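The structure appears below as structure tokens.
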Amino acid sequence: MQLGKDGLEESLQSIEQALLVCNTKSEYFVHYGLVLFKFGRIADSVKMFTRATVLSPNFAEAHERLGIACFVLGYMERAERSLQRVLALDPNRTETLWHLAIILERDHRYLQSLELLQRMQKVDSSNIHVLEKMTSVYEKLFDFERAIFCAKRAEAVAPNKAVIQHDLGRLYGEAGEIGMARHHFCRASKLLDGRSEWRWKHLAFCPHVFEDEKQIEAYWRQLEKDLQEAVSERPVYDWKTLVRHGFTWPFELPHLNHGCRWIRELFVKLFVPSFHEFFEKPPPTNRTRGEKIRVGFLVTPGHEGGFIRRTAGIIERLNRERFEPIWICHRSSEARLQHAFRRFAPLRLVFDSDFESAVHTIRNASCDLIYHWKVGADPWSLFLPMCRLSPVQCTSWATHGTSGMPCIDHHLSWDRAEPENAQEQYTESLIRFKGPPLYETAPVRQPTASRRELGLPESGAIYFCPHRIQKYHPGFDHYLEEVLARDAMGHVVLLCGNGRLWSERLKHRIRSSMDASLASRLIFQPQQSPEDYYRYLSASTVLLNSPYYTGEITTLDSFVYGVPGVACTGNFLVHRYTAAYYEAMGLHELVRESSTDWADCVVHLGTDPEYHRHISQILSQECNQFQDAYNTVREWENFITSAVYQE
């Protein structure tokens with residue numbers, strides 16, 4: 001069939017004339033639909049393909065064309081039905097296999113998608129598109145070993161394709177093989193269709209599980225060395241595209257029992273020169289005392305949950321006579337935030353995926369102060385603050401320590417949670433509130449579960465450790481061993497993620513660190529949905545917080561269910577969240593210094609029902625001071641006023 005416009009017009013007229021003579025041949029309707037499809041009249045082509053399937057129910061091509069047209073229109077359920085019908089008639093149609101594999105992948109049915117891709121690969125083992133798609137699906141299954149295998153096969157077919165080298169760098173990074181990641185990212189950056197930003201992208205990766213503290217120290221030294229080398233090259237990138245091609249620091253850094261200030265400052269130094277046009281601080285908006293202060297609360301994609309939970313109460317309760325709050329989010333986050341604020345309608349500002357446009361949109365909103373929910377959690381949250389979106393910028397606990405940015409002016413924290421020398425750990429001015437800087441609304445207790453429902457032992461204590469896999473510092477293994485050694489009837493339940501590679505490494509490391517009789521009472525579970533996480537928490541006896549990274553939100557959750565834990569103090573904020581809450585409630589006995597004291601207290605809670613009941617009652621009573629705490633809002637108001645008017 002001719003592809004030019006004139007040829008298509010001629011074909012269209014010929015088919016229409018043929019249909020006037022005979023409208024019972026399904027082939028005519030398929031040809032008519034194909035021409036309409038090429039004209040971009042997809043909805044009309046669907047009607048023609050549908051007519052063809054009615055005339056010939058077993059005509060595989062008609063069902064295939066109908067499925068592909070529905071796919072293009074986004075009618076995925078109908079597309080899947082049509083394509084499944086094709087495979088029932090002709091199992092080896094490659095276009096059908098391809099489109100159906102994509103539909104299944106988008107619907108998170110990864111194993112079914114893989115089965116179709118593997119069938120395609122048997123027909124054409126060097127099809128690079130199939131290999132790249134298989135790589136993507138294996139990655140979504142957290143099966144990095146097989147993903148790397150597929151990417152290496154794609155590399156053999158197209159060794160100089162930059163995106164394949166980039167994918168290999170990313171996959172080796174996810175697998176913790178940082179040296180191999182560096183090799184492939186460096187190679188990708190030098191290829192014709194590569195990006196110079198990729199040269200140092202291995203810096204964004206960190207092993208999720210370390211065997212021991214020596215490995216952590218070796219990683220940390222190499223990271224610092226590579227960062228200093230990268231900064232010394234003084235690269236300048238196109239800031240408008242950095243959100244797509246740049247990178248940020250690894251999530252794991254605060255979990256490694258190190259101060260992160262110097263490392264984060266180096267990350268900032270690597271990228272700040274690219275934002276030289278924003279070096280000059282915007283002038284104050286010069287609002288008079290009688291005008292409302294406009295305060296922006298900015299959240300980037302993927303972090304809406306914590307933002308809503310810990311910030312919505314502040315946005316809703318700021319004094320409207322003095323402040324004009326506005327939440328700022330990406331288009332993809334709008335619906336979720338709008339639902340969260342359905343009872344209250346603050347101003348909102350939505351930006352799209354074009355970074356330059358987003359920067360100008362936010363700057364033009366003329367906020368006096370912008371609060372960045374997280375800094376450095378993703379490229380958006382790293383690079384937006386570098387554009388100096390308002391005269392005053394600040395962040396707080398969700399950043400997990402300093403941002404390392406001179407353009408973030410203030411870091412809001414809780415005086416009780418910070419060590420004496422805390423200011424030294426921040427590049428920002430540290431603002432010490434008298435209470436937690438984030439707002440916790442009175443929670444709704446989620447449905448509980450019995451141990452039997454969860455498949456847990458019905459006798460003995462359940463010590464629940466709900467951390468993400470990256471938070472299991474090797475030093476924590478000894479704490480777990482101490483608990484199991486002291487309580488012969490207790491079991492430790494740990495969440496260890498969804499990826500086989502890292503979960504198996506974690507299981508092996510922890511089991512190897514203790515006697516087999518103790519290890520037999522470790523229960524490893526995959527990552528849970530929020531609903532199931534609450535079910536496990538409700539069935540637990542004691543919450544286990546790692547002394548190397550205590551769970552701030554997890555601690556608040558435990559109060560709701562009356563599940564006590566034990567805290568340790570430490571040198572950094574991330575060590576001290578839980579201790580601060582317990583000390584504020586007067587539960588100093590739940591704050592311990594050594595692993596031995598910590599384990600003694602944990603087991604006391606787990607094995608003494610009367611003591612456990614006593615502590616649970618105190619938690620239930622005293623935790624009210626952290627729920628709907630209007631003092632937090634007043635502290636926010638005082639801070640905003642002082643920061644904006646530079647009092």
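Coordinate-derived values only; no laboratory data. Just so it is clear, the model here is predicted, and its values are computed rather than measured. Glycine also receives a Cβ, built like all others from the backbone with ideal geometry; neighbour counts cover every protein chain displayed.
Please report the equivalent ellipsoid semi-axes of region 445-567, computed as sqrt(5 x eigenvalue) of the Cα gyration tensor, largest first, in whole Å. Mind showing how you got there, number by number?
Numbers: eigenvalues 85, 52, 43 Å².
For region 445-567, the semi-axes come out at 21, 16, 15 Å.
Can you pull out the GluC sites (Glu not before Pro) in region 528-594 whose DSSP state is coil and whose Cβ has at most 15 other Cβ atoms within 10 Å? Let's see the in-between values first.
Values: sites: GLU531, GLU552, GLU583, GLU589, GLU593; in loops: GLU593.
Those satisfying the criteria are GLU593.
Taking all C-alpha pairs of region 378-511, those more than 22 Å from each other amount to 62 percent.
Using a simple charge model, +1 on the beta-carbon of Lys and Arg, -1 on the beta-carbon of Asp and Glu, nothing else, what dipole does the chain show about its Cα centre, in debye to the nearest 20?
It works out to roughly 1320 debye.
Taking the C-alpha atoms only, the angle from helix 60-73 to the longest principal axis of the chain is near 50 degrees. The three principal axes of the C-alpha atoms in the chain carry coordinate ranges of 91, 68, 51 Å, sorted with the longest axis first.
With +1 on the Cβ of every Lys and Arg and -1 on the Cβ of every Asp and Glu, and nothing else charged, how large is the dipole of region 438-561 about its Cα centre, in debye rounded to the nearest 20?
Numbers: 13 positive and 13 negative charges, 65 e Å.
It works out to roughly 320 debye.
DSSP beta bridges confined to the chain are antiparallel in about 0 percent of cases.
Taking every alpha-carbon pair in region 306-407 and binning the separations at 10 Å intervals from zero gives 13, 48, 36, 3 percent.
From the Cα gyration tensor of region 539-625, with a ≥ b ≥ c the square roots of its eigenvalues, which class applies: rounded if a/c is under 1.5, or else prolate if a/b is larger than b/c, or else oblate? Oblate is the answer for region 539-625, as a/c is 1.5 or above yet b/c matches or exceeds a/b.
Going by the alpha-carbon gyration tensor, a ≥ b ≥ c the square roots of its eigenvalues, is region 100-146 rounded (a/c under 1.5) or, if a/c is not under 1.5, prolate (a/b greater than b/c) versus oblate? Oblate, since a/c reaches 1.5 and b/c is not below a/b. When the Kirkwood hydrodynamic radius is evaluated over all pairs of different C-alpha atoms of region 501-582, what value in angstrom, to one decimal, is obtained? That comes to 14.3 Å for region 501-582. Take every Cα pair under 8 Å whose residues are at least 6 apart in sequence, average their separation, divide by the length of region 46-89, and the relative contact order is 36 percent. Cα extents for region 211-281 along the principal axes, largest to smallest and rounded to whole angstrom: 44, 24, 21. A simple packing score, the average count of other Cβ atoms within 10 Å per residue, orders the peptides 607-620, 133-146 as 133-146, 607-620, with the highest score first. Lysine pair count for region 131-229 (Cα-Cα distance under 30 Å; residues 8 or more apart in sequence or on different chains): 20. Per-residue Karplus couplings for region 361-378, computed as 6.51 cos²θ - 1.76 cosθ + 1.60 with θ equal to phi - 60°, are listed in order as 4, 6, 4, 6, 6, 6, 6, 6, 8, 10, 9, 8, 4, 9, 10, x, 6, 6 Hz, Gly and Pro entered as x. Straight-line reach from LYS25: taking Cα to Cα under 22 Å and skipping same-chain neighbours fewer than 8 places apart, the lysines in range are LYS38, LYS47. Seen against the Cα atoms of the chain and their longest principal axis, helix 162-174 is set at about 30 degrees.
Output the relative contact order of region 503-647, whole-number percent, from Cα pairs under 8 angstrom with separation of 6+ residues. All intermediate terms of the calculation are to be shown ahead of the outcome.
Details: 119 pairs, mean separation 26.1, N = 145.
Taking the mean separation of contacting Cα pairs over the length of region 503-647, I get 18 percent.
Stokes-Einstein diffusion for region 597-647, with the hydrodynamic radius set to the Kirkwood value over Cα pairs and evaluated at 10 °C in a medium of 1.306 mPa s, equals 113 µm²/s. For region 1-159, the extents of the C-alpha atoms along the principal axes are 59, 30, 25 Å, listed from largest to smallest.
The GluC sites (Glu not before Pro) of region 251-329 that meet both conditions, a loop assignment by DSSP and at most 16 other Cβ atoms within 10 Å of the site Cβ, are GLU280, GLU291, GLU321. Between the C-alpha center of region 472-514 and that of region 299-314 there is a gap of 31 Å. Between helix 144-157 and the chain there is an angle of about 40 degrees, using the helix long axis and the longest principal axis of the Cα atoms. With only the Cα atoms considered, region 233-384 has a convex hull volume of 135 Å³ per residue.
Rank HIS330, ALA218, SER232 by how far each Cα sits towards the positive end of the charge dipole of the chain (+1 on Lys, Arg Cβ; -1 on Asp, Glu Cβ) and give me just the farthest. Farthest along the dipole direction, towards plus: HIS330.
Given R₀ = 35 Å, what would the calculated FRET efficiency be for ARG348 paired with THR596, taking r from the Cβ atoms and rounding to 0.05? Efficiency computed from Cβ-Cβ geometry: 0.10.
Cα centroids of region 59-83 and region 186-251: how far apart, whole angstrom? Using only Cα atoms to place each centre, the spacing works out to 43 Å.
Can you give the log10 of the normalised intensity I(q)/I(0) at q = 0.17, 0.20, 0.21 Å⁻¹, computed with Debye over equal Cα scatterers of region 151-242? Here log10 of I(q) over I(0) equals -0.76, -0.97, -1.03.
Bridging of LYS434 to lysines at a Cα separation below 24 Å is possible for LYS374, once same-chain residues fewer than 8 apart are set aside.
Normalised by residue count, region 418-464 yields a Cα convex hull volume of 186 Å³ per residue.
Estimate the FRET efficiency between GLN118 and TRP220 by the formula 1/(1 + (r/R0)^6), using the beta-carbon distance for r and 51 Å for R0, to the nearest 0.05.
Numbers: r = 41 Å, r/R0 = 0.80.
Between GLN118 and TRP220 the formula returns 0.80.
Using +1 at the C-beta of Lys and Arg and -1 at the C-beta of Asp and Glu, which of PRO526, THR554, SER512 has the Cα lying farthest in the positive direction of the dipole of region 507-647? So the residue we want is SER512. Working from Cα pairs under 8 Å separated by at least six residues, relative contact order for the chain is 9 percent.
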